[in-house]
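The next block holds one structure in the form of structure tokens; read it before the comments.
Read-outs: derived from the displayed coordinates by stated rules, not from any lab. Since this is a predicted model, take the numbers as computed values, not measurements. Cβ atoms come from the backbone with ideal geometry, glycine included; neighbour counts cover every protein chain shown.
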Amino acid sequence: MANANTKRVKSSEIELKDRLVGIQRVTKVTKGGRHFSFSAIVVVGNENGIVGYGLGKANEVTEAISKGIDDAKKNLIKVPVVNDTVPHEQEARYGGAQVFIKPASGGTGVIAGGAMRAVLESVGIHDVLAKSKGSSNPHNVVKATVKALENMRDAYTVAKHRGVNLDVVFNG
């Protein structure tokens, strides 16, 4: 699903910090009784333009979290960050979740809800206005946020794609 400008990154090259977005206790009812397990969604990033998310499932909470971290390290993407914010407005949908991300001036901070905030802070974005509409399911909100960040393009990428100089992109 990655577009042409998205760059996949190997996790062995960088120092990643993980954030637990959500954890759920899942119950499976069998003939012998109830069987409990845990599902965890985790976001990892280096706070300098690289982010990934992962889902871990296990019988113990700590094991589910570590599986989620391992899964997130396999799905890293590079996001353009310009002056501690995003380069342009972007919308994305995943399932019932819809997110809107807008650049903000310096000193604004991260104005975003729980699951979106974890993703945006892991990327290293310090000033952004973001809105989550529709479903508040953390899994879908995280996936929609990553999808929106994946579609971001900085001015250099746009100029290269169009085959023009950088000043033509801004002066049109």
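If you stretched the chain out fully between ARG25 and LYS131, how much longer would it get, using 0.36 nm times the residue separation minus the C-alpha to C-alpha distance?
Contour length minus Cα-Cα distance gives 35.4 nm.
Residues of the stretch 75-117 with backbone nitrogen within less than 11 Å of a virtual label 7 Å along the Cα-to-Cβ line of ASN171, please, listed as ranges.
Hits in the stretch 75-117 for ASN171 at 11 Å: none.
Ranked by Cβ crowding within 10 angstrom, fewest neighbours first, how are VAL164, VAL146, VAL43 ordered?
Ranked by crowding around the Cβ, least crowded first: VAL164, VAL146, VAL43.
Could you give each residue of the stretch 40-51 its phi-based ³J(HN,Hα) in whole Hz, using Karplus coefficients 6.51, -1.76, 1.60 with θ = phi - 60°, and x for Gly or Pro?
Once rounded to whole Hz, the list reads 10, 10, 10, 10, 10, x, 9, 6, 8, x, 10, 8.
Loop-only check: which trypsin sites (Lys or Arg not before Pro) in the stretch 134-163 are DSSP coil with at most 16 other Cβ within 10 angstrom?
none
Which cross-chain or sequence-distant (5 or more) residues have an amide H under 5 Å from the amide H of VAL21, H modelled 1.01 Å from N in plane?
Placed amide hydrogens put ILE41, VAL42, VAL43 under 5 Å from VAL21.
Residue by residue through the stretch 100-107, which ³J(HN,Hα) values in whole Hz follow from phi under the Karplus form 6.51 cos²θ - 1.76 cosθ + 1.60 (θ = phi - 60°), with glycine and proline marked x?
Going residue by residue, I get 10, 10, 9, x, 9, 6, x, x Hz, with x marking Gly and Pro.
Hey, what do the phi angles of the stretch 142-158 turn into as Karplus ³J(HN,Hα) couplings, whole Hz, using 6.51/-1.76/1.60 and θ = phi - 60°, x for Gly and Pro?
4, 5, 5, 5, 5, 4, 5, 5, 5, 8, 5, 9, 8, 4, 5, 5, 5
Using DSSP loop states and a limit of at most 12 other Cβ atoms within 10 Å to flag GluC sites (Glu not before Pro), what is the longest stretch of the chain containing no flagged site?
90-172
Once the other residues with Cβ under 10 Å from the Cβ of GLY106 are scored (Lys, Arg +1; Asp, Glu -1), what is the net sum?
Overall, the nearby charge balance is -2.
Where the centroid of each part is defined by its Cα atoms, how far is the stretch 115-130 from the stretch 134-172 in Å?
15 Å
What are the residues whose amide H is under 5 Å from the amide H of ILE50, where those residues sit 5 or more places off or on another chain and H is modelled from the backbone?
Result for ILE50 returns VAL79.
Please rank THR30, THR85, fewest neighbouring Cβ atoms within 10 Å first, as an exposure proxy.
THR30, THR85
The stretch 53-92: which trypsin sites (Lys or Arg not before Pro) are DSSP loop and have at most 11 other beta-carbon atoms within 10 angstrom?
Filter output for the stretch 53-92: LYS74.
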